[in-house]
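Chemist: Supplied in structure tokens, the structure appears directly below.
The values are calculated or read from the model by the stated rules, or taken from the named source; none is laboratory data. Not measured: the values here are computed from a predicted model. Note: ideal-geometry Cβ built from the backbone for every residue, glycine included; neighbour counts use all protein chains shown. Accessible surface areas use protein heavy atoms only, side chains included; no ligands, DNA or RNA. Shrake-Rupley method; radii C 1.70, N 1.55, O 1.52, S 1.80 Å.
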Amino acid sequence: MLDLAFIRDNPDRVRAAVQSKREKVDLDRILALDAELRKLRAGVENLRMERNAASEAVGKLKKEGKPADEIVAKTRGLGDRIKSAEEAMRPVEAELQELLRWVPNCPASDVPVGVGSEDNVEVRRWGAKREFAETPLAHWDICSRLDIVDFERGARLAGSGFMLFKGHGARLERALINFMLDLHTKEHHYTEISPPAVANSVVMTGSAQLPKLEADMYRLKGNDLYLIPTGEVPLVNIHAGEILDHKRLPLYYTAYTSCFRREAGAAGKDTRGLIRVHQFDKVELVKVVRPEKSYEELESLVANAERVLQLLGLHYRVVKLCTGDMSFASAKTYDLEAWAPGVGAWLEVSSCSNVEDFQARRANIRFRDDDKKVKYVHLLNGSGLALPRIVIALLENYQRPDGGVDLPEPLRPYMGGLETLR
């Protein structure tokens with residue numbers, strides 16, 4: 001969340017962030033509660049000072065052998081007044097904290113202002129679109145022809161939006177996961193983590209998933225547990241409540257997780273095939289860094305994700321998101337979009353964000369600098385990459401006229417030397 005002092009000192013900037021991210025926040029109420037709470041705290045502090053002074057006076061009188069009954073009685077009254085004032089603070093503080101959870105992060109100064117994806121800015125492209133003698137097939141037709149995804153049985157097992165990968169399809173997913181984890185651990189020096197697939201509400205709040213995105217989550221009945229919507233959730237909370245030594249920074253973490261999203265607001269959109277599903281696999285990247293290094297680290301994070309696409313030989317573009325298309329927690333985001341010729345669309349396969357100290361404040365993750373001062377870390381996250389959209393891009397770009405699909409060379413060792421899916 002945003003620092004309350006920052007909101008107090010920069011109300012116009014916060015108001016602009018709320019508007020540009022199309023959020024509904026009663027900023028005037030927040031500022032009013034802040035003023036009220038500070039007034040109440042000042043009153044409590046004055047009463048405590050008065051009580052301390054009275055206690056000192058009592059001690060002095062007793063030392064001198066003089067009566068102190070009148071001051072003792074007054075001190076008891078002060079205690080009651082302090083207790084009453086503290087009780088008056090609690091509902092104000094609780095309401096203020098609840099409202100602060102709904103305030104979005106402020107976009108960085110170089111983020112383009114816009115309403116939606118049409119206002120995003122393309123930064124660069126890599127590779128070129130593949131040429132086909134005939135109209136390329138969409139991935140759902142390729143999956144059916146190769147018998148590698150069973151859409152009907154997946155839906156029968158768990159409902160619409162759940163898929164059953166089988167045979168070479170299941171092995172392709174496993175190959176991609178292992179390939180990406182090996183790349184990020186060996187070449188990019190991330191530490192591999194195998195986290196829980198569920199998280200409690202404290203962890204969800206720390207990663208800024210709650211309360212904003214609760215409608216999109218799967219909650220376990222009778223438990224304070226949710227199926228994780230992204231590997232970012234457990235990874236950014238690894239050091240929740242800790243004060244790290246500055247010498248340990250930066251920290252890089254990667255993990256493979258299954259992710260679960262209801263996406264309640266996306267009904268009817270991109271529902272065919274593998275484009276939009278409720279359960280998907282993803283290799284996540286998270287960085288814990290010093291504040292002054294975070295935007296340099298963001299560019300490095302994007303490069304790490306791009307490396308996967310380059311090794312797979314997939315045509316892609318990097319897009320800087322506008323204010324209206326960014327997430328609630330992000331200060332700056334780049335999306336990586338792979339070209340899928342069968343569906344004729346750019347598909348987001350990675351979203352790389354710097355959230356600055358927004359999550360760190362929620363999860364209370366700090367570091368002690370060499371000057372002994374305690375500061376909040378900056379956190380970054382990105383997909384490195386997300387499946388099954390990478391599967392879509394591979395199937396549609398590497399399809400052959402004879403109905404097979406060639407495999408990029410880096411994946412072949414993970415597929416037992418297989419060169420073509422037939």
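Chemist: What is region 298-384's relative contact order, in percent, from Cα pairs under 8 angstrom and six or more apart in sequence? Don't skip to the answer; put the middle values down first.
Modeler: On the way: 143 pairs, mean separation 23.1, N = 87.
The value is 27 percent.
Chemist: In addition: Which net charge results for the neighbourhood of A88, defined as the other residues with beta-carbon distances under 12 angstrom from its beta-carbon, given Lys and Arg at +1 and Asp and Glu at -1?
Modeler: +1
Chemist: Something else: Between E56, E36, E409, find the one with the highest GNM mean-square fluctuation for the chain; connect C-alpha pairs within less than 10 Å.
Modeler: E56
Chemist: May I pose another question? Given the convex hull of the Cα atoms of region 103-204, what is a quarter of its surface area in nm²?
Modeler: Hull-based average projected area comes out at 12.5 nm².
Chemist: State the label only: which of [x] 50; [y] 33; [z] 30 corresponds to percent of Cα pairs over 38 Å apart computed from the shown model?
Modeler: [y]
Chemist: If you average the sequence gap of Cα pairs under 8 Å that are 6 or more apart and divide by the length of region 173-278, what percent do you get for the contact order?
Modeler: Across region 173-278, relative contact order equals 33 percent.
Chemist: In addition: Among N52, T75, L164, whose Cα projects farthest towards the positive end of the dipole of the chain, with charges put on the beta-carbon of Lys, Arg (+1) and Asp, Glu (-1)?
Modeler: Positive-end residue among those listed: T75.
Chemist: So, in Å, what gap is there between the alpha-carbon centers of region 357-422 and region 188-214?
Modeler: Cα centroid of region 357-422 versus Cα centroid of region 188-214: 16 Å apart.
Chemist: So, one more: Write down, largest first, the equivalent ellipsoid semi-axes of region 183-291 in whole Å, where each equals the square root of 5 times an eigenvalue of the alpha-carbon gyration tensor.
Modeler: On the way: eigenvalues 147, 67, 26 Å².
Those come to 27, 18, 11 Å.
Chemist: Let me ask something else. Leaving ligands, DNA and RNA out of it, report the carbon-plus-sulfur percent of the accessible area of region 268-422 at a 1.4 Å probe.
Modeler: Answer for region 268-422 is 41 percent, counting heavy atoms of protein chains only.
Chemist: Further question: Please compute the net charge surrounding E242, taking Lys and Arg as +1 and Asp and Glu as -1 over other residues with Cβ under 11 Å from its Cβ. Could you put the intermediate results ahead of the total?
Modeler: Values: positive: R248, R366, R368; negative: D245.
Net local charge, E242 excluded: +2.
Chemist: In Å and from the alpha-carbon atoms only, list the Rg and Dmax of region 335-387.
Modeler: Just the Cα atoms of region 335-387 yield Rg and Dmax of 17.3, 57 Å.
Chemist: Moving on. Using modelled backbone amide H atoms (1.01 Å from N, in-plane), which distant-in-sequence or interchain residues come within less than 5 Å of L385's amide H?
Modeler: V283
Chemist: Here's a follow-up. Please get the size of the charge dipole for the chain, origin at its Cα centre, with Cβ charges of +1 on Lys and Arg and -1 on Asp and Glu, quoted in debye to the nearest 20.
Modeler: Using only the charged Cβ atoms, the result is roughly 1060 debye.
Chemist: A further question on this structure: Provide the per residue accessible area, probe 1.4 Å, for the chain, rounded to a whole number of square angstrom.
Modeler: 48 Å²
Chemist: Which whole-number percent is the relative contact order of the chain (Cα, under 8 Å, 6+ apart)?
Modeler: Relative contact order comes out at 20 percent.
Chemist: Could you rank the peptides 231-237, 101-107, 352-358, 116-122 by their average count of other C-beta atoms within 10 Å per residue, with the highest value first?
Modeler: 231-237, 352-358, 101-107, 116-122
Chemist: Taking Cα centroids, how far is region 278-322 from region 79-126 in Å?
Modeler: 25 Å
Chemist: Please list the helices of the chain that count as membrane-span-like by this rule: a mean Kyte-Doolittle hydropathy of at least -1.0 together with Cα atoms stretching 30 Å or more along the helix axis, each helix being a complete DSSP H run.
Modeler: Membrane-span-like by this criterion, though nothing is claimed about a membrane: 27-63, 69-100.
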